[in-house]
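J.: One structure follows; several queries about it will come next.
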Amino acid sequence: MTKRIALYPGTFDPMTLGHLDILKRASTLCDKLVVAVAINRNKNPLFSLDERVEMVENVVSPFRERIEVEVKPFEGLLIHYTEQVGATMIVRGLRAVSDFEYEFQMAGMNDRLNPNIETVFLMADPQYQTIASRLVKEIARLGGNVSQFVTPEVEYRLKDKFT
Ligand code: ADP
């Protein structure tokens, strides 16, 4: 039987409980999950690439009891990277309507580039629906409590950045 490989790409700046929920659910759909951490220089991330990879790496060990998991930095065209790792699906999380238009367009373009790769959308869990890395950073920067949005490790790292 061929191994089902899924790719979950994102900036993860920083990883939130919303990302973690998608990771958990994606891990039930495949035999191997590659979490692709985008270098994304133009987004000017708060956390370095190494830090973003580490934050994801530090939560994936429970999934490794069931499936293979790799956390990798990536740069360039997503569809090329997906082909390179041998994945047949790209997993994306979908929050409310705001994500829809962009994701719809991306999935459509990627399908034109390689119709053998399917984009799979997982609806954000209602309790994580409103969590966005951008807002988490803003709250942390202004001294707010982000403990209900991120893991204790990420909360600590955010405090460290802003003090
Ligand atoms: P990108 O720059 O690719 O949008 P992000 O790190 O912001 O990277 O998000 C990666 C993926 O995780 C996207 O598919 C995004 O929609 C999804 N995502 C982000 N936050 C949440 C959340 N709270 N619940 C579900 N999915 C989410």
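J.: Any idea which of (1) over 12 Å from the mean Cα position of the chain (by Cα); (2) closer than 19 Å to V120 by Cα is the one N58 doesn't satisfy?
T.: N58 satisfies every listed condition except (2).
J.: Report yes if some residue within region 154-162 is over 18 Å from D13 (Cβ atoms) and within 13 Å of the ligand (Cβ to nearest atom); otherwise report no.
T.: First, pick out the residues of region 154-162 that are over 18 Å from D13 (Cβ atoms): none.
No.
J.: Looking at I139, I131, which one is under 20 Å from P45 (Cβ atoms), modelled with pLDDT of 95 or more and near the ligand (Cβ under 9 Å from one of its atoms)? First the steps, then the outcome.
T.: Values: I139 fails: near the ligand (Cβ under 9 Å from one of its atoms).
It is I131.
J.: Look through region 120-147, keep the residues that are over 30 Å from F162 (Cβ atoms) and free of Cβ contacts under 8 Å to residues at least 40 places away in the same chain, and return whichever of them is least open to solvent (accessible area, probe 1.4 Å). Lay out the reasoning, then the answer.
T.: Step one: of region 120-147, the residues over 30 Å from F162 (Cβ atoms) are 120-123.
Okay, now just the ones that are also free of Cβ contacts under 8 Å to residues at least 40 places away in the same chain, so 121, 123.
Details: F121: 72, M123: 122 Å².
Per the criteria, the residue is F121.
J.: Of all residues in region 148-163, which are open to solvent by less than 60 Å² (accessible area, probe 1.4 Å) and hydroxyl-bearing (S, T, Y)?
T.: Keep residues of region 148-163 that are open to solvent by less than 60 Å² (accessible area, probe 1.4 Å), which gives 149-151, 153-155, 157-158.
The answer is T151, and nothing else.
J.: Taking the conditions exactly as written (within 15 Å of the ligand (Cβ to nearest atom), touching a Pro at 6+ places or on another chain (Cβ under 7 Å) and farther than 14 Å from L7 by Cα), does V150 satisfy them or not? So that I can check it myself, show each step before the final result.
T.: Details: within 15 Å of the ligand (Cβ to nearest atom): yes; touching a Pro at 6+ places or on another chain (Cβ under 7 Å): yes; farther than 14 Å from L7 by Cα: yes.
It is true that V150 is within 15 Å of the ligand (Cβ to nearest atom), touching a Pro at 6+ places or on another chain (Cβ under 7 Å) and farther than 14 Å from L7 by Cα.
J.: List the helices (runs of 4 or more DSSP H) that sit entirely inside region 1-119 and contain at least 3 residues that are open to solvent by 30 Å² or more (accessible area, probe 1.4 Å), more than 14 Å from the ligand (Cβ to nearest atom) and within 30 Å of T163 (Cβ to Cβ).
T.: On the way: elements: 17-26, 49-57, 78-85, 100-113.
Those helices (runs of 4 or more DSSP H) span 49-57.
The values are calculated or read from the model by the stated rules, or taken from the named source; none is laboratory data. Nothing here was measured: the structure is a model prediction, and the numbers come from that model. Cβ atoms come from the backbone with ideal geometry, glycine included; neighbour counts cover every protein chain shown. Just the protein is used for accessible areas: all its heavy atoms, side chains included, with ligands, DNA and RNA removed. Shrake-Rupley method; radii C 1.70, N 1.55, O 1.52, S 1.80 Å.
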